[in-house]
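The values are calculated or read from the model by the stated rules, or taken from the named source; none is laboratory data. If you're wondering where the values come from, they're calculated on a predicted model, not measured in any experiment. Heads up, the Cβs are rebuilt from the backbone with ideal geometry, glycines too, and the neighbour counts pull from every protein chain shown.
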Ligand code: SF4
């Protein structure tokens, strides 16, 4: 590509008005532009595949209004203690056999405690040794913890901005928007790749969706991964009765994210279980090129791995890391978990988003 063109396309000076206009562009024009940008930077028929495992579920002191893992809401979610290191590594092996190339580990914490760090660092090292990319989402990180994780070999850290700064107070009161930006900055400064996105369908306006995208795209470096979640309305959370999001507004937001952060992986995340194949296909056309694979997406249901493979086949999409084996091993392991081992838990029976 012409380097001048690349410079023109990768920008960090987006304005809300500009993005609002982008979101209102006629659909065909918006999709054409998103797909054109997508093809400049990515293989149009490749989708990156990650597996997400909840290494510590529930009892989180934060009050994120969408999240069943918050201890403030009665959602019937059983809290779990931190998984043992070896159990996590076994899960990672199964995910690798099922075709994942990145293994994400999530813990429902405000931030990791000192006493948790040795276990978490051992998990990073162990999963890394399997030849998988590693990602964690553990809540807020100070500089020291970010450095320790980077040193252990953590490739990615997920910390979402969730929504616009203006709407944020309606969703979370126990940490500020700038706390979130500080964590992203600590992660970036430690040399890890940033995974950060948000959740749509929480009652936000088009302007808020534009505001979220502007925050992400105007970071000093675009996040490597941008998860775009659709709210999973969980009974017992304050957002359980929120109106449904128009699926086309979701697709439009994916397209705008692709145009604004052309080099990033835009990830279809929570809420995919409720999306039709047609909607997912439209999201891929709009520039989404990453998904979570397998049944677990923290505590939300996620289309079973083989259902994803069937959709990939129909669409002629390849995993960026070619899947060669049927994901039987993963499904079997997940089925075993449902039998109730103390070390494992069924993370697919209720719902959550990532931090
Ligand atoms: S989203 Fe993360 S920080 Fe917020 S309540 Fe859930 S687990 Fe806690």
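Tabulated results
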item: Residues that are at pLDDT 95 or above and not in a loop (DSSP other than H, G, I, E, B), drawn from the stretch 1-17; result: 16, 17
item: Count of the stretch 36-62 residues which are more than 20 Å from the chain's Cα centre (by Cα) and surrounded by 17 or more Cβ atoms within 10 Å (Cβ to Cβ); result: 2
item: Residue within the stretch 93-108 that is part of a loop (DSSP other than H, G, I, E, B), touching a strand residue (DSSP E or B) at 6+ places or on another chain (Cβ under 6 Å) and under 28 Å from residue 177 (Cα atoms) present; result: yes
item: Test: residue in the stretch 264-284 that is assigned to a helix (DSSP H, G or I), in contact with a strand residue (DSSP E or B) (Cβ under 6 Å, 6 or more places away or on another chain) and more than 30 Å from residue 191 (Cβ to Cβ); result: yes
item: Unique residue being over 18 Å from residue 66 (Cβ atoms) and assigned to a loop (DSSP other than H, G, I, E, B) when the list is 139, 131; result: 131
item: Residue that is surrounded by the fewest Cβ atoms within 10 Å (Cβ to Cβ) [pool: residues in the stretch 211-226 that are touching a residue at least 60 places away in the same chain (Cβ under 8 Å) and farther than 14 Å from residue 255 by Cα]; result: 220
item: Every residue from the stretch 239-270 that is modelled with pLDDT under 90 and farther than 23 Å from residue 14 by Cβ; result: 239, 240, 242, 270
item: Criterion violated by residue 67 - all others in (1) part of a loop (DSSP other than H, G, I, E, B); (2) away from the ligand (no atom under 16 Å from the Cβ); (3) surrounded by 24 or more Cβ atoms within 10 Å (Cβ to Cβ); (4) at pLDDT 85 or above satisfied; result: (2)
item: Sole residue being touching a residue at least 40 places away in the same chain (Cβ under 8 Å) and touching a helix residue (DSSP H, G or I) at 6+ places or on another chain (Cβ under 7 Å), chosen from 235, 190; result: 190
item: Filtered residues of the stretch 81-92 (kept if assigned to a loop (DSSP other than H, G, I, E, B) and either surrounded by fewer than 19 Cβ atoms within 10 Å (Cβ to Cβ) or touching a helix residue (DSSP H, G or I) at 6+ places or on another chain (Cβ under 7 Å) (or both)); result: 81, 82, 84
item: Criterion: part of a helix (DSSP H, G or I), more than 30 Å from residue 129 (Cβ to Cβ) and either touching a residue at least 40 places away in the same chain (Cβ under 8 Å) or within 16 Å of the ligand (Cβ to nearest atom) (or both) - qualifying residue of 39, 33; result: 33
item: Enumeration of residues in the stretch 209-225 that are closer than 17 Å to residue 289 by Cβ and not in a helix (DSSP H, G or I); result: 222, 223, 224, 225
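Yes/no matrix, rows are residues, columns are (1) away from the ligand (no atom under 16 Å from the Cβ); (2) in contact (Cβ under 8 Å) with a residue 40 or more places away in the chain:
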| position | (1), (2) |
| --- | --- |
| 62 | no, yes |
| 74 | no, yes |
| 78 | no, yes |
| 93 | yes, no |
| 101 | yes, yes |
| 108 | no, yes |
| 115 | yes, no |
| 118 | yes, no |
| 130 | yes, yes |
